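Just so you know, all these numbers are worked out from the coordinates, no wet-lab data involved. Since the model is a prediction, treat every value here as computed from it, not as a measurement. Glycine also receives a Cβ, built like all others from the backbone with ideal geometry; neighbour counts cover every protein chain displayed.
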Number of protein chains: 2
Amino acid sequence: MAETARHPAHRYGNRPTMKDVAARAGVGLKTVSRVVNGEAGVTPDTERRVQEAIEALGFRRNDSARVLRKGRTASIGLVLEDLADPFYGPLSRAVEEVARAHGALLINGSSAEDPDREQELALALCARRVDGLIVIPAGTDHRYLEPEIRAGIATVFVDRPAGRIDADVVLSDSFGGARAGVAHLIAHGHRRIGFIGDQPRIHTAVERLRGYRAAMEDAGLPVDDGWVSLGSTDPARVREATAAMLAGPEPVTAIFAGNNRVTVTVVRELAPRERPVALVGFDDIELADLLGITVIAQDAAALGRTAAERLFRRLNGSDDAPARIELKTVLIPRGSGEIPPSS
Amino acid sequence: MAETARHPAHRYGNRPTMKDVAARAGVGLKTVSRVVNGEAGVTPDTERRVQEAIEALGFRRNDSARVLRKGRTASIGLVLEDLADPFYGPLSRAVEEVARAHGALLINGSSAEDPDREQELALALCARRVDGLIVIPAGTDHRYLEPEIRAGIATVFVDRPAGRIDADVVLSDSFGGARAGVAHLIAHGHRRIGFIGDQPRIHTAVERLRGYRAAMEDAGLPVDDGWVSLGSTDPARVREATAAMLAGPEPVTAIFAGNNRVTVTVVRELAPRERPVALVGFDDIELADLLGITVIAQDAAALGRTAAERLFRRLNGSDDAPARIELKTVLIPRGSGEIPPSS
DNA sequence: CCGCTCGGTGACAACGTTGTCCAGGGCCTA
DNA sequence: TAGGCCCTGGACAACGTTGTCACCGAGCGG
């Protein structure tokens, strides 16, 4: 039979609205709104009737409509690289906790280290009108965010600085950490030290390499081209790089691994070898204590927390100039970094 | 200078709207909508003018309004325990990928294993009108979701079944996995085997204990009360439980650890001990290969993927009866589970 | 040459909520 | 008892978008 409704059924599966609740409770629409929002000016008796109607109908306020009216979503967005990476999980969780403390919900998405996907995600979050945005950049040009920032979406970058725009950024001292780690190896007698890092497009990779070079230069040591390898963290690539450095007449006696993904693969590659090779890795790893892996630890949770706090400070009206906040790293000696050179 | 605006400025930081774009392009509102949504029926010339206006103003469609009108948010929610846990990170990521393939955004939140927080989160997501919900239950009573499900929010549970409502659930074969793991220890000669698991409120903990008991019974072995410990995965608690089982005249010679958190702590506790103790852990762990930890591996990503696929099948209209999907586990021998009893 | 179709376009209502304003009734005071 | 005030409750518009429908002019067949 003819469906005569002028507008097709696009109501949320026939969810009750405040209007329905009002009708059932025999009160006005606005009174329901008042009860739902805990506003003053409602008789206890009226309130009870409304509550009962809400209960009976299973009413739940539609936040989309609320957002549309109020202009604030009480949610923030986080664009990161990969939620499955043990470095980003804790970071995200820390952001979530801060958001929760401010009554906001966190929406996060993985860019998979793809600049286009980063942009797509960030803009999708802006379209949802998140109040603020935290971004771990995959790309190097963030001018696409300018209209959003101008429109009032607070934005903070973490782990890596923004490209071509001026914005808050919270990062670890990659340069200093790497420099200290490599200096540690040098202090234990190494002269030929390899560096395996992430893609040169990534800021932290470049900074850590810079730290490596600085430490070598500090000690007056030369750096052979064959000792340095930047590229993807794909295990095959890293294994190959490791093997290459350890081959030939003058192999490296120690390796500095540029991040947690690299460290894991290098450890696996070194394990079966006879000749011991010293190793210091950037990023701490679970169970590294038992495996005796010396690392430069950065605090992922602190990064997230700091960035989120800065974001909410902005959301609460602060308009300081964009700042660069750098967190210290810690060298944790556990054995692998204290192996003397063997050759 | 009385601010005479009747309605205060609650527009999103003065973001341009379709109306603004229309005015600038000299066209009607609906035409802008058509261009933005790529609908047919717009002259190339008109489209160009609109695109230019969009560009110039930095317009971005307001998804809240869109959602309000369309009734679909193209987003799904995921309530999990803790994003920082290496088990849930990959699970969440897998869900995200499936969502992305369906053009949906994923919003996830951590319940911190607190039933109240689980409910608060799930309902908050429903208030945002996510199209579907995936829940890793912390609580044991999910009747609070009934109105939501009735209202059309597709819901799938993962890792643990729903409490007191009938709904889809995707889980690993905890019972079978634990049984196989304990049988493996028995096959290597162990007779006194300890079990350390998560809180008895948690379904997987109970199932794995059941598997442990079944394996012991299969072999006709008694189970001493002192060999079984269920409780939080807090390291101190687990260390204590481990120490207790290893003390006394008849200590256990092997331990079955109920999940990844427990395994990590037990490994740390066993490492410094002289007398070797066999160990099999539920859940695989990064670097467990190097440490030679035998595990019952479950595929977190597959859990998430399967649940998400089921969810989207429902969103696309499937109305099969709620099903229980169980994924197999795999025993990966790496050494720690093959240590013979020492006594 | 008229009427009809058809493609492009815009006016308008509606989605569900909240802010503003007004009405009515009860109560207190003069 | 009249006047005024406060307190509760409701009518209405607006948030920014999309679906529906109507309009207009061009092209075409009769």
Square roots of 5 times each gyration tensor eigenvalue, C-alpha, chain A, largest first, Å: 54, 19, 18
Packing-based ranking, highest mean first, of B:163-172, A:85-94 given that Cβ atoms within 10 Å are counted: A:85-94, B:163-172
Phi-based couplings in Hz for region A:320-331 (Karplus 6.51, -1.76, 1.60; Gly and Pro marked x): 4, 5, x, 10, 10, 10, 10, 9, 6, 10, 10, 8
Whole-Å semi-axes of region A:239-332's equivalent ellipsoid (Cα gyration tensor): 38, 14, 10
Cα-based equivalent ellipsoid, region B:18-61: semi-axes from gyration tensor eigenvalues, Å: 14, 10, 9
Using a 7 Å Cα-to-Cβ projection, A:Pro200 label spacings across copies, nm, ascending: 6.2
Span-like helix ranges in chain A, DSSP H, alpha carbon extent 24 angstrom or more, Kyte mean at least 1.6: none
B:Thr155 long-range amide H proximity, modeled H, under 5 Å: B:Leu133
Dimensionless Rg/Rh of region B:190-272 - Kirkwood Rh, Rg from C-alpha atoms: 0.94
Against the rule of thumb 2.2 N^0.38 Å, how large the Cα Rg of region A:135-223 comes out: 1.38
Hull volume in cubic angstrom per residue (convex hull over the Cα atoms of the protein assembly as shown): 200 Å³
Distant-in-sequence amide H partners of A:Arg129 (H built 1.01 Å from N, under 5 Å): B:Asp63
Other-copy label distances relative to A:Asn14, 7 angstrom Cα-Cβ extension, nm: 4.7
Restraint check, A:Lys30/B:Lys19; A:Lys30/A:Lys70; A:Lys70/B:Lys70, Cα-Cα greater than 24 Å: A:Lys30/B:Lys19
Per-copy distances of the B:Arg69 label point, shortest first, in nm (7 angstrom along Cα→Cβ): 2.0
